[in-house]
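Q: Below is a structure I'd like to ask you about.
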There are 2 protein chains.
Amino acid sequence: MTDSSSNKNFLKTLDRGLAVIKSFDGDTPQMTLSEVARKNSMSRASARRFLLTLQSLGYVIKVDDNFQLTAKILEVGHQFLSNLNFIEVITPFMREASRLLYKACSASILNETDIVYIARIPSQHQILSVNLNVGSRLPAYCTSMGRVLLGNMTENELDAYFKHAELISHTPHTITDVKKLHKIIKQTRIDGYSIVNQELEENLCSVAVPICNQQGKVLCAINVGMPVGQLKIEEVTSEYLPVLQEAASKAEAILVHH
Amino acid sequence: MTDSSSNKNFLKTLDRGLAVIKSFDGDTPQMTLSEVARKNSMSRASARRFLLTLQSLGYVIKVDDNFQLTAKILEVGHQFLSNLNFIEVITPFMREASRLLYKACSASILNETDIVYIARIPSQHQILSVNLNVGSRLPAYCTSMGRVLLGNMTENELDAYFKHAELISHTPHTITDVKKLHKIIKQTRIDGYSIVNQELEENLCSVAVPICNQQGKVLCAINVGMPVGQLKIEEVTSEYLPVLQEAASKAEAILVHH
DNA sequence: TACGAATGTGCGCAATACGCACATATTTAT
DNA sequence: ATAAATATGTGCGTATTGCGCACATTCGTA
């Protein structure tokens with residue numbers, strides 16, 4: 001919840017209500033009334049009113065004294081995805097890349113300082129570790145797709161990005177030096193792809209390329225990820241990248257007509 | 001927006017705010033301030049306050065005098081999906097079924113009177129017609145997955161369903177007679193699958209099966225859809241259904257350990 | 001049974017959100 | 001170019017919405 005109480009045009013009840021919805025997260029998928037109140041730093045009476053409103057609207061149900069979200073909550077964001085017309089164009093090609101590489105293939109766009117997953121083709125076998133869904137967010141600066149998308153920014157935009165981004169070392173390999181990152185992103189722009197090795201999570205490597213529309217505007221980035229022990233970085237460049245680039249090219253050929 | 005103004009525990013501002021978010025739909029993905037006000041039957045001053053709040057929270061941006069949703073809005077529903085732990089178990093098998101059948105494969109659950117899509121493996125080629133995403137909703141009574149899920153209901157629950165469901169003829173083939181539907185759903189329960197032919201959309205046929213967990217509880221339904229002209233219903237039963245059932249069985253074998 | 005914890009409820013009122021009128025900016029028509 | 005129409009921005013008085021409090025009720029535990 002944000003502190004904008006001095007702004008007469010800021011609707012505090014809406015802010016608090018959305019915060020209540022978002023407080024049903026991975027740590028607390030289900031909560032009692034009191035837990036909602038505590039987690040959202042509000043009185044029990046207020047929490048109750050928010051929950052009863054959300055229940056009345058169908059977004060929340062109560063199961064054995066615990067409130068939890070319903071599928072109806074997907075309505076709130078669903079239309080955003082539906083408005084991204086290119087998704088249905090790129091997914092068959094992502095699927096083909098996934099098949100050839102035996103890896104999950106994902107697409108994302110930039111939002112604030114994160115990448116947001118907008119499509120995902122699961123791999124043929126069990127997921128290794130990360131549980132990523134449409135809507136999942138990861139920091140842009142240390143992910144392959146993020147770097148591809150940042151590579152599409154102007155210098156001013158990139159400066160603004162680093163003003164806001166919180167550069168955390170997720171692993172011993174994470175690069176958090178702004179100068180280094182600037183250089184890497186500049187190189188990414190030149191290369192037209194990005195390989196990130198163990199910067200977000202140990203033992204995980206990924207390679208990403210952009211997908212552009214007719215005007216050359218980057219619509220999104222797509223990537224595949226893999227465990228590091230499986231192969232060497234040179235193999236990523238020689239075996240994985242061309243498949244991904246081919247998928248992007250084929251998608252782009254169709255997007256030209258859109 | 002619902003009319004619950006007589007209820008002291010109903011927070012009208014939250015209701016209105018969520019309605020504003022949802023008004024950014026397929027018909028109006030972008031809107032001016034005045035269009036938002038008109039579409040939501042509220043004053044311009046109110047609309048402005050809602051939009052400025054959502055903008056301040058990052059859920060909406062303004063591009064050339066038009067407001068539109070940002071990817072951040074996916075945060076609101078994202079956690080619901082993440083809380084469905086079985087999705088990452090079933091998607092590799094859905095993917096295999098999709099590969100074998102050369103069709104998109106989807107999973108859904110019931111919410112109110114609709115099915116809601118919770119996972120989707122796109123087909124290898126261009127989508128035929130329907131643009132379905134995670135979060136998309138379709139009426140349960142005339143969809144194969146819906147019938148499978150309704151087949152899992154008690155008689156009381158099914159009666160309650162038909163009290164609320166709006167039975168619309170989407171095509172000349174749509175069955176809207178409650179007695180007939182009861183019979184069909186009962187048969188679906190016995191069969192363990194459902195084939196729906198041109199009841200939601202002309203020339204589209206689909207077959208669905210349930211996926212159950214260890215306790216026999218139905219977690220979701222999965223389906224594949226196809227154009228009718230491609231094959232006969234008997235072929236659906238003999239060629240498509242077994243593949244889908246195998247995918248479900250394999251997923252269930254793993255879910256036993258969850 | 002008594003006590004503690006959790007939730008439900010009514011109510012006075014604090015403060016939040018409202019709409020109105022006017023101001024400003026932009027677009028359209030003459 | 002000017003006037004009119006349309007869209008948006010702003011300040012403010014106040015209607016009404018949402019608040020927290022105190023008490024009531026329910027449920028679980030010792």
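Q: Does the protein assembly as shown classify as rounded, prolate or oblate by the C-alpha gyration tensor (a ≥ b ≥ c root eigenvalues; a/c under 1.5 gives rounded; else a/b over b/c gives prolate, otherwise oblate)?
A: oblate
Q: Distances in nm, one decimal, shortest first, from A:A160 to the same residue in every other copy, taking the label point 7 angstrom along Cα→Cβ.
A: Ordered by distance, the counterparts are at 5.0 nm.
Q: Based on the alpha-carbon gyration tensor of region A:147-216 and its eigenvalue square roots a ≥ b ≥ c, which shape applies: rounded if a/c is under 1.5, prolate if not and a/b is larger than b/c, or oblate?
A: Oblate is the answer for region A:147-216, as a/c is 1.5 or above yet b/c matches or exceeds a/b.
Q: Also: Across peptide A:131-139, how many C-beta atoms of other chains are within 10 Å of each residue C-beta, on average? Could you put the intermediate results ahead of the total?
A: Values: counts 5, 2, 12, 9, 14, 6, 5, 0, 0.
Mean partner-chain Cβ count within 10 Å for A:131-139: 6.
Q: Report ³J(HN,Hα) in whole Hz for each residue of region A:193-210, in order, from the Karplus equation J = 6.51 cos²θ - 1.76 cosθ + 1.60 where θ = phi - 60°; Gly and Pro get x.
A: 7, 8, 10, 10, 10, 6, 8, 9, 8, 4, 6, 10, 10, 8, 10, 9, 9, x
Q: Is the shape of chain B rounded, prolate or oblate, going by the alpha carbon gyration tensor and its root eigenvalues a ≥ b ≥ c, with a/c under 1.5 for rounded and a/b larger than b/c for prolate?
A: Here chain B falls in the prolate category.
Q: While we're looking at this one, here's another question. Considering every residue in B:48-58, what mean count of other chain Cβ atoms within 10 Å of its Cβ is obtained? Don't jump to the answer; show the numbers that get you there.
A: On the way: counts 1, 6, 3, 1, 6, 11, 4, 1, 7, 9, 3.
What the average comes to for B:48-58 is 5.
Q: Among A:L110, A:L167, A:L74, which one shows the biggest mean-square fluctuation in a GNM of chain A, springs joining Cα atoms closer than 10 Å?
A: A:L74
Q: Of A:F162, A:F24, A:F80, which is the most mobile in a GNM of chain A whose springs link Cα atoms less than 10 angstrom apart?
A: Top of the fluctuation ranking is A:F24.
Q: To continue, here is another question. Calculate the mean, over all residues of peptide A:83-92, of how many other protein chain Cβ atoms lie within 10 angstrom of the residue's Cβ.
A: Neighbouring Cβ atoms belonging to other protein chains average 4 per residue here.
Q: Leaving out ligands, DNA and RNA, and with a 1.4 Å probe, what % of the accessible surface on the protein assembly as shown is carbon or sulfur?
A: 48 percent
Q: Sticking with this structure for a sec: With a cut-off of at most 12 other beta carbons within 10 Å, and DSSP calling the residue loop, which GluC sites (Glu not before Pro) in region B:1-110 qualify? Please list them.
A: Values: sites: B:E35, B:E75, B:E88, B:E96; in loops: none.
For GluC sites (Glu not before Pro) across region B:1-110 that sit outside H, G, I, E and B with at most 12 neighbouring Cβ atoms in 10 Å, the list is empty.
Q: What does the charge dipole of region B:97-190 about its Cα centre add up to, to the nearest 20 debye, if the Cβ of each Lys and Arg holds +1 and the Cβ of each Asp and Glu holds -1?
A: 380 debye
Q: Placing +1 on the Cβ of each Lys and Arg and -1 on the Cβ of each Asp and Glu in chain B, which of B:V209, B:A19, B:T176 has its Cα farthest towards the positive end of the resulting dipole?
A: It is B:A19, whose Cα lies furthest towards the positive end.
Q: Do any GluC sites (Glu not before Pro) in region B:166-217 lie in a loop, going by DSSP, with at most 11 other beta-carbon atoms within 10 Å of their beta carbon, and if so which?
A: B:E166
Q: Determine the total buried accessible area between chain A and chain B, counting protein heavy atoms only with a 1.4 Å probe; round to the nearest 100 Å².
A: 6200 Å²
Q: Would you mind working out the magnitude of the charge dipole of chain B relative to its Cα centre, with +1 at each Lys and Arg C-beta and -1 at each Asp and Glu C-beta, to the nearest 20 Debye?
A: Using Cβ point charges on Lys, Arg, Asp and Glu, chain B gives about 740 debye.
Q: With chain B treated as a Gaussian network of Cα nodes joined by springs under 10 Å, which of B:D114, B:D177, B:D25 yields the largest mean-square fluctuation?
A: Sorting by GNM fluctuation, first place goes to B:D25.
Q: Okay, moving on. For label points placed 7 Å from Cα toward Cβ, what is the shortest-first list of nm distances from A:S41 to its copies?
A: Once sorted, the set of distances for A:S41 reads 3.8 nm.
The values are calculated or read from the model by the stated rules, or taken from the named source; none is laboratory data. Being a predicted model, the structure only gives us computed values, none of them experimental. With ideal geometry, Cβ positions are generated from the backbone for all residues, glycine too; neighbour counts draw on all protein chains shown. In case anyone asks, the SASA skips ligands and DNA or RNA and just uses the protein heavy atoms, side chains included. Shrake-Rupley method; radii C 1.70, N 1.55, O 1.52, S 1.80 Å.
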